[in-house]
Ligand code: HEM
Ligand SMILES: [Cu+2]
């Protein structure tokens, strides 16, 4: 407590620079991250945790891809479609990726309109995002069905290493589950926005907390994260 | 300690965090059963964890009976022994210690110590407990399914964990994995709460560098758990698929009973990496809260500020960060590139530096303190001694050349029981003796407490100290009986019998504790608001036990760190955190 005497003598504390400044800001009064609400902080930390989950999945996939002695099937052939007589490698995945990335765009617009409290536009954009998300899941279901018809199973497949099917179903399944949950929550949020629950701060059914437009942004954080993860899955699973 | 009083310049800061919108329960059920109050959730977590702890204790007795008096208990055959080892280990580490420190102490202490009314998301907090309970029920269910619980060892290494030679291969392993998955989901809900509450919901004046070290310990541990459990989750999901769907993530090509299995091409080592990426941080997930708690107990009961507070905080953070880059020291015998062995040995030994700093600081805090040998203090001192003991053997095992011969011997069992079994349990007992008066308004009985302390402390050494010696002689770990091992002298058996008797005595002595907890709740000496004359915020609540919302009308305002003990010139030998800085001596109205 030696410094107290110094401070009480009237000399103002010096602003700290560099790392010390960062540490001082983070450890400052009441909140480490100023202007970050509880919900947003929670979502960021949850996403960090989720990042570890997806990283583990992807690293595990890469490990088994190296450990197996059987050749790995060629993804651009496996995921090729013949449309109108033209053989197009990875076409479905390309469309799915496009749809999902576009949904990030509509989500960002929804967040923007949410902060302007434009109820109708926000709800419509959320709906659009949900529809794009659902389309993604639908295409994924199509892809799963196609592969299953071709004989791909989690434990084996006609073209090579068993781990191909295992990793494929596990990783896309886990990601697809994330998208599905996202779609459900998008619909719920869209409904709330539409009914004006955020305008009149209606209380949540379970949490009894007052609603507000920030939920749209938190929803958006999750949605962008799910899209980002897809980019990695796309790169590491389909392109490699 | 650079502690700038906030009100010196420009008065009190305005509240940045609006007062929470508390949920007010209306019925008995929403108040005490499906409660959203962190304090009730804390007690639910603690009670459940302690019940599981008792069960795990009984399992350890059964193992010890078999080891001490082989072939007397016919019902403990090799299968049962493996199942007991596995369930004992997994229960103690995950379902007892993690749940008790984070779910129990975290829930009770974080809001009170940082001056919040509750956790930030009470509803998710409630779900966290019920998922934990579900995980526990599923785990216990595995005792009743055909084939019994899994006997794969708490590390659950594949391929053996899911091959037919291992007990519980049919149901036990699946229930174990499912239970772990649910535990992790439940923990995530709680863990997000603990972390966000500390980061974003502190009282006015409560800067991070004024928080008690208990909060720092629990906070860092929760954050680590959020990053470490994902690896276990992924490992559990993939093993479940290997078992249920016949995928080969972890399964190499295998011949079982002369039959070539359909598995092939997987990587068993991958599971070990995933498991220990979780498993090693897990050690610190139970150690860091204990570190924090012990720092506070020592400071309060030695009437001195903690020595080197800042260093203590940085040491906690450094240990937390480093513990993510040491995991493969559990895998030396699995074989690895020598450069990796070198890297992991080095990083393991580096962790000893911040840990040693903490120990020196505890000792320096005690140095010339006005030590009150209360029960919490006794347990805190016992923790330090035990942790040093376990930590030193950890340095042995961290070195590849020393670890390889000692690995899978009783030496390892002695090491990890000292460091993550006995030491955290001592910290938990100390914490319970310390905070019980806040939770119930009554003191725990002193005499019973002292009996409990001495039997537990000395007894733990009588149980685990000889195991070092057994291990050095080569007695293997996870063996149901020693059989024909010519290199182990006959006297080892005598020692084993001795250990068993001690284990029975120490285990039974815990009944004294549980009796004390129940008896004192009704008949204990009334404690008043602040029996230990502690400065930290949880002792300054307007009511004891603190009611829903903790602080009554006004949220507290914090003016100083949590360690103003024996301040020269102050009126009493402690200054509560919420007492304004003033030149006048503390008077009663400040309290
Ligand atoms: C009176 C207290 C305890 C006794 C007598 C005891 C005894 C034992 C025994 C006999 C074993 C099996 C040794 C072997 O054959 O390999 C064991 C394993 C183990 N114990 Fe304890 N234990 C106690 C408390 C604890 C606590 C508090 C923890 C918490 C960390 C713990 C964690 C473990 C673990 C992780 C294993 C390894 C399980 C495995 O090998 O899979 N034990 N214990
Ligand atoms: Cu370790």
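The values are calculated or read from the model by the stated rules, or taken from the named source; none is laboratory data. All of these numbers come straight from a predicted model, not from anything done at the bench. Heads up, the Cβs are rebuilt from the backbone with ideal geometry, glycines too, and the neighbour counts pull from every protein chain shown.
Some observations on this one:
- The set of residues in region A:82-98 that are over 14 Å from the mean Cα position of the chain (by Cα) and either part of a helix (DSSP H, G or I) or in contact (Cβ under 8 Å) with a residue 12 or more places away in the chain (or both) comprises A:89, A:90, A:91, A:92, A:93, A:94, A:95, A:96, A:98.
- Qualifying positions in region B:340-392 - more than 16 Å from residue B:326 (Cβ to Cβ) and within 16 Å of ligand 2 (Cβ to nearest atom): B:387, B:392
- Residues of region B:147-159 satisfying the condition of being away from ligand 1 (no atom under 12 Å from the Cβ) and either within 14 Å of another protein chain (Cβ to nearest Cβ) or within 20 Å of residue B:245 (Cβ to Cβ) (or both): B:147, B:158, B:159
- Evaluation of residue B:237 against the conditions (1) facing another protein chain (nearest Cβ under 9 Å); (2) buried (at least 24 other Cβ atoms within 10 Å of the Cβ); (3) assigned to a helix (DSSP H, G or I) shows that the sole unmet condition is (2).
- Candidates in region B:205-223 are the residues that are within 19 Å of the chain's Cα centre (by Cα) and within 11 Å of chain A (Cβ to nearest Cβ); of these, the one that is surrounded by the fewest Cβ atoms within 10 Å (Cβ to Cβ) is B:223.
- Screening residue B:300 with (1) away from ligand 1 (no atom under 16 Å from the Cβ); (2) closer than 16 Å to residue B:219 by Cβ gives one miss only, at (2).
- Any hit, region B:499-515, residues being more than 14 Å from chain A (Cβ to nearest Cβ), away from ligand 1 (no atom under 16 Å from the Cβ), part of a loop (DSSP other than H, G, I, E, B) and exposed (fewer than 14 other Cβ atoms within 10 Å of the Cβ): no
- Which numbered condition residue B:405 fails, given (1) away from ligand 2 (no atom under 16 Å from the Cβ); (2) in contact (Cβ under 8 Å) with a residue 60 or more places away in the chain: (2)
- Checking residue B:155 against (1) more than 20 Å from the chain's Cα centre (by Cα); (2) within 16 Å of ligand 2 (Cβ to nearest atom), the condition it does not meet: (1)
- Members of region B:160-185 that are more than 16 Å from residue B:241 (Cα to Cα), assigned to a helix (DSSP H, G or I) and within 16 Å of ligand 1 (Cβ to nearest atom): B:183
- Residue B:274, sole failed condition from (1) within 14 Å of chain A (Cβ to nearest Cβ); (2) within 16 Å of ligand 2 (Cβ to nearest atom); (3) at pLDDT below 95: (3)
- Look at (1) more than 10 Å from every other protein chain (Cβ to nearest Cβ); (2) more than 30 Å from residue A:160 (Cβ to Cβ); (3) surrounded by fewer than 24 Cβ atoms within 10 Å (Cβ to Cβ) and you find that residue B:227 fails only one, number (1).
- Count of region A:49-79 residues which are in a helix (DSSP H, G or I) and at the interface with chain B (Cβ under 7 Å from one of its Cβ atoms): 9
- Criterion applied to B:23, B:32 was being away from ligand 1 (no atom under 13 Å from the Cβ) and touching a residue at least 40 places away in the same chain (Cβ under 8 Å), and the one residue passing it is B:23.
- Listed by first and then second residue, the pairs with beta-carbon distance under 6 Å, at least 6 apart or on different chains, first residue in region B:408-426 and farther than 13 Å from residue B:287 by Cβ, second in a helix (DSSP H, G or I) and within 9 Å of ligand 1 (Cβ to nearest atom), are B:410/B:467; B:413/B:467; B:414/B:464; B:414/B:467; B:417/B:464.
- Any helices (runs of 4 or more DSSP H) falling wholly within region B:344-427 and containing at least 3 residues that are closer than 18 Å to residue B:312 by Cβ and within 16 Å of ligand 1 (Cβ to nearest atom): B:375-398
- For region B:240-271, filtered to residues that are facing chain A (nearest Cβ under 10 Å) and in a helix (DSSP H, G or I), the residue that is surrounded by the most Cβ atoms within 10 Å (Cβ to Cβ) is B:271.
- Qualifying residue in region A:189-204 (condition: out of contact with any strand residue (DSSP E or B) (no Cβ under 9 Å at 6 or more places or on another chain) and within 16 Å of residue B:247 (Cα to Cα)): no
- Any helices (runs of 4 or more DSSP H) falling wholly within region B:22-114 and containing at least 1 residues that are within 30 Å of residue B:534 (Cβ to Cβ) and modelled with pLDDT of 95 or more: B:38-68, B:107-114
- Some residue of region A:209-223 being within 22 Å of residue A:60 (Cβ to Cβ), within 14 Å of another protein chain (Cβ to nearest Cβ) and crowded, with 17+ Cβ neighbours inside 10 Å: no
- Pick from region B:308-343, criterion outside any helix (DSSP H, G or I) and exposed (fewer than 15 other Cβ atoms within 10 Å of the Cβ), ranking: nearest to ligand 1 (Cβ to nearest atom): B:335
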